[in-house]
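Everything below concerns the one structure shown next.
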Amino acid sequence: MIKSLSYWEKEALDKVYDLTIVGGGFVGMSAAIHYQQIFPDKSILLLERGVIAYGASTRNAGFSCFGSIGELEDDILYSSLDQVKATVQMRHRGLQKLQKLIPAAMMDYKQSGSIELFDSEDQFEKAYATLNHWNDQFAELEEGDIFRKVQVDQGDFYQYGISNPYEGQLNPYKALKHLEQLAIQLGVHISYAAQVDAWLEQGSIMEISTKVGLKYRSKRIILATNAFTKRLIPEIDLMPARNQVLITEEIEDLAWKGCFHVDRGYIYFRNVGKRLLLGGARNISQNESVDSYGNTEEIQQYLLNYLKNRILNGRMVKIDHWWSGILGVGTEKMPIIRKFAPSLYMAVRLGGMGVAIGTVVGEQIAQLVANDEE
Ligand SMILES: Cc1cc2nc3c(=O)[nH]c(=O)nc-3n(C[C@H](O)[C@H](O)[C@H](O)COP(=O)(O)OP(=O)(O)OC[C@H]3O[C@@H](n4cnc5c(N)ncnc54)[C@H](O)[C@@H]3O)c2cc1C
């Protein structure tokens, strides 16, 4: 807790910012960049609780993906066709935007393509029967069919899959760092280790309190706190969903290259150079609706068995590292991008697609605030 401030520190903290963004993930950074691009003279403060961004943006799998047939067929059970299409279009647009903002080499981007794998012939046939329908729905996105039947020759377990050559993989930490640099270059002030605990409306100014005891003042606030938003606003339609991830040591003869989706997207794996990254399976357990990091025996065992028996033909390799990350999910798949109170806005609940849509969500919330300025 910081108790005593110098005159200089106090003077700096007394400043009233035009906009304060809470959360330094893809959405927070993108919102800061877009708002500062619209209003180069306005002052923007970004407050991030971690000493580095401590949310999903640097802890994810780095798939730059816009949807698999199994996932779409699952989504359509709960949403209209228009809603499902809108999600995919948003992901596609977001990935194009991300690649415009960040040069491929700066985030290790590779258009490696992806393959959706099916546990049984029956499951594959069901998905394959809908392939033309989904290709027609997204005909305007890419030249040529997006979804294609492929023979899988990387292991003994899977035989057929559905590929999407337009998807890719990247290093999300490098991508976020590049966005951070862009924001700083534009003039955004970023404070790390600044967990926002509360805010108080005082006339036209919001006074923002942080855990370390510092207070900031701002005309408007955007919450870009994704899965952690419920800690600040308990009534919103959002549930945290933990995902556990492993990465193996280098495997010299690794046959799996690119991104792979299984079981409606609940399981995903990809190569990272010669290593294999595998994560997900939150649907097999009741215990993953938490917003605290950690790994559990149940999911770890499931993923280890999966790695050995379905990916590596019965062979086991050394696991180099385990971690977890928290998704923000809800009763609807689309993110919440809205004004919540006269000076308070939010862009949260990005589900498992924030690498893809983070930049457009940031842009949309920045534009919403900008509209109120004009
Ligand atoms: C394991 C895993 C794998 C994933 N894989 C993919 C993938 O391959 N492709 C894909 O498109 N998406 C993927 N996702 C989803 C994607 O990572 C997220 O949707 C995206 O990162 C969300 O970005 P965000 O900026 O909204 O939230 P976050 O990155 O979570 O950022 C929110 C930030 O707010 C900060 N914060 C929270 N509370 C406060 C507070 N009170 N004060 C200050 N700061 C605060 C947090 O520390 C955090 O840095 C995955 C997610 C996980 C967990």
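The values are calculated or read from the model by the stated rules, or taken from the named source; none is laboratory data. None of these values were measured; they are calculated from a predicted model. Quick reminder, even Gly has a Cβ in these numbers, built from the backbone with ideal geometry, and neighbours come from all protein chains shown. Side chains included, ligands, DNA and RNA excluded: accessible areas come from the protein's heavy atoms. Shrake-Rupley method; radii C 1.70, N 1.55, O 1.52, S 1.80 Å.
Yes or no, residue by residue, for (1) of a type in the set (Asp, Glu); (2) free of Cβ contacts under 8 Å to residues at least 60 places away in the same chain; (3) surrounded by 14 or more Cβ atoms within 10 Å (Cβ to Cβ):
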| residue | (1), (2), (3) |
| --- | --- |
| Arg275 | no, yes, yes |
| Gln301 | no, yes, no |
| Ile326 | no, no, yes |
| Ile337 | no, yes, yes |
| Met346 | no, no, yes |
| Val360 | no, no, yes |
| Ala366 | no, no, yes |
Residues of region 28-61 satisfying the condition of being open to solvent by 10 Å² or more (accessible area, probe 1.4 Å) and β-branched (Val, Ile, Thr): Ile38, Val51, Ile52, Thr58
Any strands (runs of 3 or more DSSP E) falling wholly within region 153-243 and containing at least 2 residues that are not assigned by TED's automatic domain parsing to the domain that holds Leu350: 160-164
Members of region 316-368 that are outside any strand (DSSP E or B), touching a strand residue (DSSP E or B) at 6+ places or on another chain (Cβ under 6 Å) and polar (S, T, N, Q): Ser343, Gln364
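Looking at region 113-121, can you tell me whether even one residue there is in a helix (DSSP H, G or I) and farther than 26 Å from Gly358 by Cα?
Yes, that holds for at least one residue.
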Candidates Asn305, Asn295, filtered to the one that is part of a loop (DSSP other than H, G, I, E, B) and not charged (D, E, K, R): Asn295
Any hit, region 222-236, residues being within 14 Å of the ligand (Cβ to nearest atom), over 30 Å from Trp199 (Cβ atoms) and surrounded by 20 or more Cβ atoms within 10 Å (Cβ to Cβ): no
Out of Ile44, Ile38, Ile69, sole residue that is more than 10 Å from the ligand (Cβ to nearest atom) and under 30 Å from Arg148 (Cβ atoms): Ile69
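Residues are listed down the side, and each one gets a yes or a no for (1) at pLDDT 95 or above; (2) closer than 26 Å to Ala255 by Cα; (3) in contact with a helix residue (DSSP H, G or I) (Cβ under 8 Å, 6 or more places away or on another chain):
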residue	(1), (2), (3)
Tyr78	no, no, no
Lys85	yes, no, yes
Met90	yes, no, yes
Ile102	yes, no, yes
Tyr109	yes, yes, yes
Ile115	yes, yes, no
Among (1) closer than 27 Å to Leu277 by Cα; (2) in contact with a Phe, Trp or Tyr (Cβ under 8 Å, 6 or more places away or on another chain); (3) surrounded by fewer than 17 Cβ atoms within 10 Å (Cβ to Cβ) - the single one Leu13 does not satisfy: (1)
